[in-house]
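Engineer: Before anything else, here's the structure in question.
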Amino acid sequence: MLRRALLAASASSRLRRLITSAPVTRAVVDSYVAGETADDAVRVTRALRAAGLLVTLDYLGEDTKDPAQAAAVTDEYIQLIGKLGAEGLTHGGVAEVSVKPTAVGLYLDAGTASRNISRICAAAREAGTTVTLDAEEFGAIEPTLRIAGELRADYPDLGCVVQSFLRRSEADCRALAGHGSRVRLCKGAYSEPESVAFGSRREVDSSYARCLRALLNGPGYPMVATHDPRLIAITGSLALLTGRAADSFEYQMLYGIRPAEQRRLADTGARVRVYVPYGGDWYAYLVRRLAERPANLAFFLRSLGSRS
Ligand SMILES: Cc1cc2nc3c(=O)[nH]c(=O)nc-3n(C[C@H](O)[C@H](O)[C@H](O)COP(=O)(O)OP(=O)(O)OC[C@H]3O[C@@H](n4cnc5c(N)ncnc54)[C@H](O)[C@@H]3O)c2cc1C
């Protein structure tokens with residue numbers, strides 16, 4: 001309920017002004033976001049790599065309605081891939097990029113988004129790495145999967161994301177679990193009506209387990225994105241049961257969340273990738289992270305109250 005209200009409030013420009021101008025916000029942002037520039041992103045990537053972790057980088061921003069902005073976001077990704085490549089961080093997919101289709105023009109028209117994503121894929125291939133298309137709100141899912149399907153003819157390793165909170169997702173997993181596919185499975189960070197989404201945590205978690213089984217049973221490369229200890233344990237057991245080699249799937253977690261668990265899993269020989277966001281447009285990302293954890297939200301609101 002609180003989560004739903006907060007996600008809805010994230011569209012409020014008054015709340016955005018209050019949160020982005022509060023001095024205490026900076027410390028919270030820094031715990032989830034690598035910094036403002038591509039150089040910050042590269043620095044954090046280097047450190048995570050040294051700790052034995054893989055990385056996917058997200059240039060923050062979404063819902064672009066301006067073609068020039070969509071082109072600028074595309075250029076930023078290409079420049080970032082160049083910087084990572086120059087440091088040898090893209091080789092073998094050590095660091096890849098995550099792209100939100102609405103940040104590169106999905107809401108302008110699908111052709112613009114597709115051309116921009118294709119440019120990023122070409123730069124990634126040149127550097128020896130991959131691209132994953134994030135899943136956003138429900139309205140963006142179908143066009144995103146269509147673009148991914150079309151671009152996979154040229155870039156078979158283009159990854160996409162399935163959100164277990166959507167009722168359609170188990171069927172999506174079965175359709176996407178084919179040979180060579182890279183599919184990230186997450187719970188879903190958006191708020192959607194019960195007509196398309198499961199309402200309770202229990203339903204979302206059991207949908208996650210069913211999706212996981214479909215992906216691990218297929219011949220593709222599952223990317224298991226969760227911090228949930230139970231689902232991480234289930235992944236380990238299913239991987240054993242299905243005879244999965246440690247390098248045939250990976251765990252993924254967000255920058256700043258459960259870092260000790262990220263290292264623990266990597267120390268067991270598992271592939272672990274950290275999703276690292278950077279850039280100045282962090283507001284919507286921060287609100288989604290606060291909405292996920294009431295304890296974070298309560299702490300943040302108390303700090304806002306005591307300092308304003
Ligand atoms: C690598 C990665 C990529 C993602 N990509 C997408 C995407 O493309 N589209 C999309 O809709 N969503 C995406 N998400 C977000 C995801 O959908 C969830 O909203 C988020 O991961 C929280 O769900 P959970 O599976 O960790 O389980 P939860 O049940 O939310 O959390 C399990 C435990 O993890 C810890 N935890 C979770 N969140 C926080 C937090 N914010 N702060 C501190 N501790 C926390 C707590 O210990 C909590 O008990 C992604 C998540 C990851 C890890």
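Engineer: Go through the stretch 35-55 and count every residue that is in contact (Cβ under 8 Å) with a residue 24 or more places away in the chain, open to solvent by 70 Å² or more (accessible area, probe 1.4 Å) and assigned to a helix (DSSP H, G or I).
Structural biologist: Keep residues of the stretch 35-55 that are in contact (Cβ under 8 Å) with a residue 24 or more places away in the chain, which gives 35-42, 44-46, 48-49, 51-55.
Still in the running and open to solvent by 70 Å² or more (accessible area, probe 1.4 Å): 36, 39, 46, 49.
Subsequent filtering for residues that are assigned to a helix (DSSP H, G or I) retains 39, 46, 49.
Total satisfying the criteria: 3.
Engineer: Could you grab me the full set of residues in the stretch 54-93 that are of a type in the set (A, V, I, L, M) and within 16 Å of the chain's Cα centre (by Cα)?
Structural biologist: Here is the first cut: in the stretch 54-93, the ones of a type in the set (A, V, I, L, M) are 54-55, 57, 60, 68, 70-73, 78, 80-81, 84, 86, 89.
Once the filter is applied, which keeps residues that are of a type in the set (A, V, I, L, M) and within 16 Å of the chain's Cα centre (by Cα), the stretch 54-93 yields LEU54, VAL55, LEU57, LEU60.
Engineer: Also, quick follow-up: Specify which of the listed residues (ARG244, ARG289, ARG230) is open to solvent by 30 Å² or more (accessible area, probe 1.4 Å), out of contact with any Pro (no Cβ under 9 Å at 6 or more places or on another chain) and outside any strand (DSSP E or B). Before you say what the answer is, go through the steps one by one.
Structural biologist: Details: ARG244 fails: out of contact with any Pro (no Cβ under 9 Å at 6 or more places or on another chain); ARG289 fails: open to solvent by 30 Å² or more (accessible area, probe 1.4 Å).
The unique qualifying residue is ARG230.
Engineer: Assess whether GLU62 counts as being within 16 Å of the ligand (Cβ to nearest atom), over 17 Å from ASP39 (Cα atoms) and of a type in the set (Asp, Glu).
Structural biologist: Spelling it out, GLU62 is indeed within 16 Å of the ligand (Cβ to nearest atom), over 17 Å from ASP39 (Cα atoms) and of a type in the set (Asp, Glu).
Engineer: Give the number of residues within the stretch 74-89 that are over 19 Å from THR45 (Cα atoms) and either crowded, with 24+ Cβ neighbours inside 10 Å or at pLDDT below 95 (or both). Outline the logic, then answer.
Structural biologist: So the first thing to find is which residues in the stretch 74-89 are over 19 Å from THR45 (Cα atoms), and the list is 74-75.
Checking which are either crowded, with 24+ Cβ neighbours inside 10 Å or at pLDDT below 95 (or both) leaves us with 74.
Counting residues in the stretch 74-89 that are over 19 Å from THR45 (Cα atoms) and either crowded, with 24+ Cβ neighbours inside 10 Å or at pLDDT below 95 (or both) gives 1.
Engineer: Restricting attention to the stretch 181-189, does a residue exist that is open to solvent by 40 Å² or more (accessible area, probe 1.4 Å) and at negative phi?
Structural biologist: So in the stretch 181-189, the residues open to solvent by 40 Å² or more (accessible area, probe 1.4 Å) come out as 187.
Retained after the next criterion (residues that are at negative phi): 187.
Yes; the residues of the stretch 181-189 include at least one that is open to solvent by 40 Å² or more (accessible area, probe 1.4 Å) and at negative phi.
Engineer: Which of the residues belonging to the stretch 208-221 are in contact (Cβ under 8 Å) with a residue 40 or more places away in the chain and either of a type outside the set (Ser, Thr, Tyr) or surrounded by fewer than 22 Cβ atoms within 10 Å (Cβ to Cβ) (or both)? Let's see the steps before the verdict.
Structural biologist: Pass one, the stretch 208-221, residues in contact (Cβ under 8 Å) with a residue 40 or more places away in the chain: 208, 210-211, 214-215, 217-221.
ARG210, CYS211, ALA214, LEU215, ASN217, GLY218, PRO219, GLY220, TYR221 - these are the residues of the stretch 208-221 that are in contact (Cβ under 8 Å) with a residue 40 or more places away in the chain and either of a type outside the set (Ser, Thr, Tyr) or surrounded by fewer than 22 Cβ atoms within 10 Å (Cβ to Cβ) (or both).
Engineer: Restricting to the stretch 71-106, what's the tally of residues that are in a loop (DSSP other than H, G, I, E, B) and touching a Pro at 6+ places or on another chain (Cβ under 9 Å)?
Structural biologist: Narrowing the stretch 71-106 to residues in a loop (DSSP other than H, G, I, E, B): 87-90, 94, 100, 105-106.
Within this subset, residues satisfying the condition of being touching a Pro at 6+ places or on another chain (Cβ under 9 Å) are 105-106.
Adding up the residues that qualify gives 2.
Engineer: Could you say which residue among LEU185, LEU151, LEU216 is within 16 Å of the ligand (Cβ to nearest atom) and at pLDDT 95 or above? Walk me through how you get there before you give the answer.
Structural biologist: Numbers: LEU151 fails: within 16 Å of the ligand (Cβ to nearest atom); LEU216 fails: within 16 Å of the ligand (Cβ to nearest atom).
Every option except LEU185 fails the conditions.
Engineer: So which of LEU265, LEU290, LEU297 ends up being touching a helix residue (DSSP H, G or I) at 6+ places or on another chain (Cβ under 9 Å) and modelled with pLDDT of 95 or more? I'd like the intermediate steps shown before the answer.
Structural biologist: On the way: LEU290 fails: modelled with pLDDT of 95 or more; LEU297 fails: modelled with pLDDT of 95 or more.
Residue meeting the stated conditions: LEU265.
Engineer: Here are some conditions: (1) open to solvent by 50 Å² or more (accessible area, probe 1.4 Å); (2) within 14 Å of the ligand (Cβ to nearest atom). GLU194 meets all but one. Which one does it not meet?
Structural biologist: GLU194 satisfies all of (1) open to solvent by 50 Å² or more (accessible area, probe 1.4 Å); (2) within 14 Å of the ligand (Cβ to nearest atom) except (2).
Engineer: Name the single residue that is farthest from ILE141 (Cα to Cα) among those in the stretch 160-195 being of a type in the set (Gly, Ala, Ser) and over 19 Å from the mean Cα position of the chain (by Cα).
Structural biologist: Within the stretch 160-195, the first condition is being of a type in the set (Gly, Ala, Ser), and the residues that meet it are 164, 169, 171, 175, 177-178, 180-181, 188-189, 191, 195.
Right, trim to over 19 Å from the mean Cα position of the chain (by Cα) and you get 171, 175, 178, 180, 195.
On the way: ALA171: 13, ALA175: 14, GLY178: 19, GLY180: 21, SER195: 15 Å.
In this case the residue turns out to be GLY180.
Engineer: Would you confirm whether or not the stretch 125-147 contains a residue that is closer than 30 Å to THR90 by Cβ, basic (Lys, Arg) and in contact with a Leu (Cβ under 9 Å, 6 or more places away or on another chain)?
Structural biologist: no
Engineer: Here's a follow-up. Tally the residues that are within 13 Å of the ligand (Cβ to nearest atom) and either touching a Ser or Thr at 6+ places or on another chain (Cβ under 8 Å) or part of a loop (DSSP other than H, G, I, E, B) (or both), restricting the search to the stretch 263-277. Working first, answer last.
Structural biologist: Within the stretch 263-277, the first condition is being within 13 Å of the ligand (Cβ to nearest atom), and the residues that meet it are 265, 271-277.
So of that shortlist, the ones also either touching a Ser or Thr at 6+ places or on another chain (Cβ under 8 Å) or part of a loop (DSSP other than H, G, I, E, B) (or both) come out as 271, 273-276.
Summing the residues that are within 13 Å of the ligand (Cβ to nearest atom) and either touching a Ser or Thr at 6+ places or on another chain (Cβ under 8 Å) or part of a loop (DSSP other than H, G, I, E, B) (or both) in the stretch 263-277 gives 5.
Engineer: Name, by its number, the condition in (1) in a loop (DSSP other than H, G, I, E, B); (2) away from the ligand (no atom under 15 Å from the Cβ); (3) more than 25 Å from LYS100 (Cα to Cα) that does not hold for GLY280.
Structural biologist: With (1) in a loop (DSSP other than H, G, I, E, B); (2) away from the ligand (no atom under 15 Å from the Cβ); (3) more than 25 Å from LYS100 (Cα to Cα) applied to GLY280, the lone miss is (3).
Engineer: Residues being open to solvent by 30 Å² or more (accessible area, probe 1.4 Å), closer than 21 Å to VAL94 by Cβ and charged (D, E, K, R): count how many of those fall in the stretch 259-282.
Structural biologist: Result for the stretch 259-282: 4.
The values are calculated or read from the model by the stated rules, or taken from the named source; none is laboratory data. Because the structure is predicted, anything quoted here is derived from the model rather than measured. Every residue, glycine among them, receives a Cβ derived from its backbone with ideal geometry; neighbour counts consider all protein chains shown. We work out accessible area using only protein heavy atoms, side chains counted, and drop any ligands, DNA or RNA first. Shrake-Rupley method; radii C 1.70, N 1.55, O 1.52, S 1.80 Å.
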